[in-house]
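Read the structure below first, then the notes.
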Amino acid sequence: MRSFRQVGEKQLPHEIIFMSWSPRRDLIALVNKTGEVLLHRLANIQRVWNLPPNENTGKEVSCLAWRPDGKILAFGLADTRRVVLCDVEKPETLHSFSVETTVSCMHWMEVTEESSILTSFYKAENESNILPKLPALPKNYNATAKIFSEEKSDEILKLLGDVKLNALVLGGESGQIEIYAYGMYKIATITEVFGSCRGLCLSSDLKSLAVVTELSTNTTPEITYFQLDTSLLSSYLPEVTRMARKFTHISTLRQYLKLSLKCMCEAWEEILMQMDSRLTKFVQEKNTATSVQDEFMQLLLWGKASPELQGLLMNQLTIKGLKKLGQSVESSYSTIQKLVISHLQSGSEVLLYHLSELKGMALWKQKYEPLGLEAKAIEDAITSVGSFILKANELSQVIDSGMKNFKAFFRWLYVAMLRMSEDHVLPELNKMTQKDITFVADFLTEHFNEAPELYDQKGKYFNIERVGQYLKDEDDDLLSPPSTEGNQWFNFLQNSTPLKESPLLFPSYIEKSLHFVKRQMEAVIDRCLTKPADVIGKSIQQKLCIPLYHASKSEESCPRLISLPFLWNDKSQNLHYVIFRMLESSESKMFVFKQPTDTTRVTNDFLAVEFGNSVNSSTDDNPEKCHYSCLDARFFEDDVITVILKDNTATEGKDRILAQMSLSSVFSDEERDYQFIRDKNRRLEEQHADIPTHTFFLEGQWRLLENMKVQYVAVNGIRKVACVLSSNLRHVRVFEMDVEDDGEAEEEDAEEHSHAQDITEEEGDLTHSIYDDMKDASPQAPDVTEESFES
């Protein structure tokens, strides 16, 4: 017999609107009304970390879900219509994406179906070492780049998770449902339901999707149950898994390239524009007709500068400023070039590899054409990635040329300025060959030409620094594109029409920036990714629609912490369970609907459950009388429900009960006289009197919740824990739900009390030891006993 032991209690400063236990660890995620996401431990409800609302992602959390392995937490944001994937180890955003409508509910499930094809694919994916590991991004740049900058960790693998397919199902306020493989790649867009989604559940065999919606009408909102046939996903499970895995690799690589480019933009400094700005000011202020190029040429050839140029160099630029500018140019260029070679090019090559494999899959039309995979769209994506690689290589060459030019120019100008100030010039600096003079003269000729039309566009006459134009996120053409004059390959290509139009050659956009080519590449890849979601979504058809009841206006519930109805997928029996209540018609009853996930079967089981024998009344009371109403219910295991009951006969402070109920005993055939036959033309609440009723008696599986007006509960059957929340949404209690005997409970109570005294309220990162424990947790162990959870 189960007994419940309280292990923690806490008053919280803000109202809680969501709470959800980690499926693999004694961690509970809470969301309060300020938009803050918090992670707490079971022990003394100690805070592990908090993620404050962010202006970039959003502030209004609308739903919450854990990835099945417990390593990533997902939440939807209503104000920005985004979904964020957060690392459980520390409060950092790993990935986020936009959605068309506000996500009102989400469910993250893992596929349990096995086959020999999938098993071989899992092993091949795990043992694949043919691709190089992508280098970590620099830590000293934007905070979002930190997710790829941890030593000895591969954040792409962290985002991908296990090879076994898992799916994040999102339900929108307008009834649109989207399924994201691995929480990253959209594999289905479904428009078969109407109303705002209040709950959904995808079966573990991918055969069926159950949805509960709320449709607002002129009167009261109507609650409706839908069952959708997703058998295409199940029939092509190996193909869906392979395709989704490839697309998810592509999604993570796109994020890696985006962050690499962001680091490059941050490495480029505004100080590099100083020379352009000061030369423009010099042109505007000087009185002579001599051009800037001629002024510098005279200094190079004769060693003498005009008074105007000498004033520019000695008063505005200064020797110290020139030295600093030279160091900045060298540091910035070398950092950008390193990012181009080691990050952009290597990431693009891996992306090209995955797209090429995907093209090979698409050519197998018997397997992948029903899923909407098209070889032509993938070919276009491969071409766009090739163009991006060419543009990255072009930028690397521009940086290499710029570094050589600037080094020679600054070295010569530094010596010239030292002579002007009559300072001592070191002998090694004073040596300048004819070749060096020619090199500087060529640099002055190419870069120091005045361009009045440039002033009209950018407010300056010069564009000496050529790297920044590649990193600006603009649609304009490059101000100074690389010269193709004398390039033999370019001339040969222009004169050869067959080669120019050959699909084997990637097009190069000479006059466009790196950002422009990247945006073009992303648009083409997006088109490649979206068609399978449309094709699979259109294959999903509605198989069942049951209007349940009109929602009660008097129902006491938080607008977002919706308690009932609640959906659950029983993996052992391939069933969808729906638990709901109809307060207007029968306040004391809880209704359970059991529907097979196999849509070819039409058997529906409806049952009403009422709770008898009040624990606060004497034994002489009528045991058949119903004393309780159900406030909230959650599935603890496949056939066990945890419920919050209100004793209608008890006094305030002793009227709330935490109890467990077994569905196997409730649905036993011996206790049922007949099956309910539903009238399809009427709502279920209009037929509730015909639904067979089972009276459940609280035996030893309950606990009185004293001095707390409990309204909601969150449970984790694998970890055997529950957390109850009061109706004011600020008071929580945590219970261990499976303590074997009183002696052990007392011993654990003493240990818990001793441990709690040593724990302080911390808000730091989750330690690596905790994360390592998470990785070792077995997903096939529902009877795992509680382990000590030390900080």
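The values are calculated or read from the model by the stated rules, or taken from the named source; none is laboratory data. Not measured: the values here are computed from a predicted model. Please note: Cβ atoms are built from the backbone with ideal geometry, for glycine as well, and neighbour counts cover all protein chains shown. Ligands, DNA and RNA are excluded from the accessible area calculation, which covers all protein heavy atoms including side chains. Shrake-Rupley method; radii C 1.70, N 1.55, O 1.52, S 1.80 Å.
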Worksheet, complete the sentence: Ordering 293-303, 233-243 by per-residue average of other C-beta atoms within 10 angstrom, highest first, gives 233-243, 293-303
Worksheet item: So what are the ³J(HN,Hα) numbers for segment 466-482, from phi and the Karplus equation (6.51, -1.76, 1.60; θ = phi - 60°), rounded to whole Hz, Gly and Pro as x?
Response: 9, 7, x, 5, 6, 9, 7, 7, 10, 8, 5, 5, 4, 5, 9, x, x
Practice prompt. For Lys246, go through the lysines and keep the ones whose alpha-carbon is under 16 Å away, minus same-chain ones fewer than eight residues off.
Written response: Lys123, Lys158, Lys164, Lys186, Lys359, Lys367, Lys531
Worksheet, complete the sentence: Partner lysines whose C-alpha sits under 17 Å from that of Lys407, ignoring same-chain residues fewer than 8 away, are Lys320, Lys323, Lys324, Lys431, Lys435
Worksheet item: Using θ = phi - 60° and the Karplus form 6.51 cos²θ - 1.76 cosθ + 1.60, what ³J(HN,Hα) does each residue of segment 7-23 get, whole Hz, x for Gly and Pro?
Response: 10, x, 8, 7, 9, 9, x, 10, 5, 8, 10, 9, 8, 8, 7, 5, x
Worksheet item: Taking a spot 7 Å from the Cα of Ile437 along the direction of its beta carbon, which residues of segment 393-420 have an amide N less than 19 Å from it?
Response: 408-420
Discussion item. If I take every Cα pair under 8 Å that is 6 or more residues apart in segment 1-70, average their sequence separation and divide by the length, what percent do I get for the relative contact order?
Written reply: 28 percent
Worksheet entry | Whole-angstrom gap from segment 333-351 to segment 228-281, using each part's C-alpha centre | 13 Å
Worksheet item: Which of the lysines could a cross-linker span from Lys654 if the Cα-Cα distance has to be under 23 Å and same-chain partners fewer than 8 positions apart are dropped?
Response: Lys10, Lys589, Lys625, Lys646, Lys709
Worksheet entry | Segment Ser174-Lys133, extension gain: residue separation times 0.36 nm, minus the distance between their alpha carbons | 10.6 nm
Item to complete: In whole Hz, with x marking every Gly and Pro, tabulate ³J(HN,Hα) for segment 324-336 from phi via Karplus 6.51 cos²θ - 1.76 cosθ + 1.60, θ = phi - 60°.
Response: 5, 5, x, 5, 5, 4, 5, 5, 5, 5, 5, 5, 5
Worksheet item: Quick one: net charge of Ser513's neighbours, Cβ under 11 Å, K/R +1, D/E -1?
Response: -2
Worksheet item: Which order do Phe697, Phe410 take when ranked by solvent-accessible area (1.4 Å probe, heavy atoms of all protein chains), largest first?
Response: Phe697, Phe410
Item to complete: Sort the following peptides by mean Cβ neighbour count (other Cβ atoms within 10 Å, averaged over residues), highest first: 6-15, 716-725.
Response: 716-725, 6-15
Worksheet item: Packing-wise, with mean Cβ within 10 Å as the measure, how do 322-335, 30-43 rank, highest first?
Response: 30-43, 322-335
Practice prompt. Please list, in chain and number order, the residues 5+ apart from Asp647 or on another chain whose amide H is under 5 Å from its amide H, with Hs placed from the backbone.
Written response: Arg656, Ile657
